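Asker: This is the structure, below, for whatever I ask next.
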Amino acid sequence: MTGHPAAAACGAVLPVLLYHSVAEDPPAEIARHTVTPRLFAEHVAAIAATGRTPISIHDLATGMRGHRPLPERPVAITFDDGYSDTYVAVASLLESGLAATVYATTGQIDRPGHLSSHQLAELARERAVELGAHTVHHPRLDELSRAEAADEIRISRSQLEQVIQARVDTFAYPHGAYDRDVRQAVALAGYMSAAAVKDAVSHPADDPFAIARWTVTAGTPASRIAEVLDGRFVPPSWARERVRTRGYRFVRRQRRRLARAAPRRAATSW
């Protein structure tokens, strides 16, 4: 197994799990990030057995800023995209005394396979559930212009607040993709926290606008969940953007520019 033998060596471990879908027979495009209900039940039991205190992303970020004390051994559980099965998955967490933060892609609300407005409103009424925005169309924000990214960030918050009739304070970057400008746009839009990915564990010195999460995939056993919660064989969150991340972004942007230019070249070749 690869990774750091003990992320806890960097200080208190603040594990944040990232789920997407919990389903028996998912579409091929999300199969890798879907766990079966049976496996999810094992995960829930493993999380509950640790005795960690469930916490929202908002409270985690508030603690990072020193505005309130963090529990000695917290855990945050998040869901991205807003698939319809998230509704049942969150219910099972609540039954086990846990909590959840759900990030909804607002352009998918009320569409087949995704959470309905009614379900989101019901989740918003649960004290142990926090709802956050995840853009309107789920793009890689670091590939958009500043204006386009700002619109995705701002409009998704407004739309979700309209649906749940409550304030939305947290945001998650689709694909975990962000840069300095995107992070700033999230802060300027009025959010108080943002969740990244990083596949690392968070800690008290983490960035409240780029909180590290560890991605749960289809083949993740409950024993691995227990390891991550203890900070074993998983790296701690890093402060600065990695060189390879900038490299991936450069390649993606070049491909996007070429794709946009191709129709124009074809039109002028006749």
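No lab work stands behind these numbers, since they all come straight from the coordinates. Computed from a predicted structure; not experimentally measured. With ideal geometry, Cβ positions are generated from the backbone for all residues, glycine too; neighbour counts draw on all protein chains shown.
Asker: State the percent of C-alpha pairs, over all pairs in region 24-147, separated by a distance greater than 25 angstrom. If you can, show how the numbers build up before the last one.
Answerer: Numbers: 2341 of 7626 pairs.
Percentage above 25 Å: 31.
Asker: While we're on this one: Could you please report the charge total around residue 174, scoring K, R as +1 and D, E as -1 over all other residues with beta-carbon less than 11 angstrom from its beta-carbon?
Answerer: Numbers: positive: 140; negative: 80, 81, 142, 143, 152.
Net charge in that neighbourhood comes out at -4.
Asker: Please arrange 75, 197 by how many other C-beta atoms lie within 10 Å of their C-beta, fewest to most. It would help to have the intermediate numbers written out before the result.
Answerer: On the way: 75 24, 197 21.
Least to most surrounded, the residues fall as 197, 75.
Asker: Continuing with the same structure: Can you give the net charge of the other residues whose Cβ lies under 9 Å from the Cβ of residue 59, counting K and R as +1 and D and E as -1? If you can, show how the numbers build up before the last one.
Answerer: Details: positive: 68; negative: 130.
Counting the neighbours of residue 59, the net charge comes to 0.
Asker: Please report 90, 129 as a ranked list, fewest other C-beta atoms within 10 angstrom at the top and most at the bottom.
Answerer: On the way: 90 26, 129 19.
Starting with the residue having the fewest Cβ neighbours, the order is 129, 90.
Asker: Strictly greater than 31 Å: what percent of every Cα pair in region 9-239 meets that?
Answerer: Working: 3578 of 26565 pairs.
Everything past 31 Å amounts to 13 percent.
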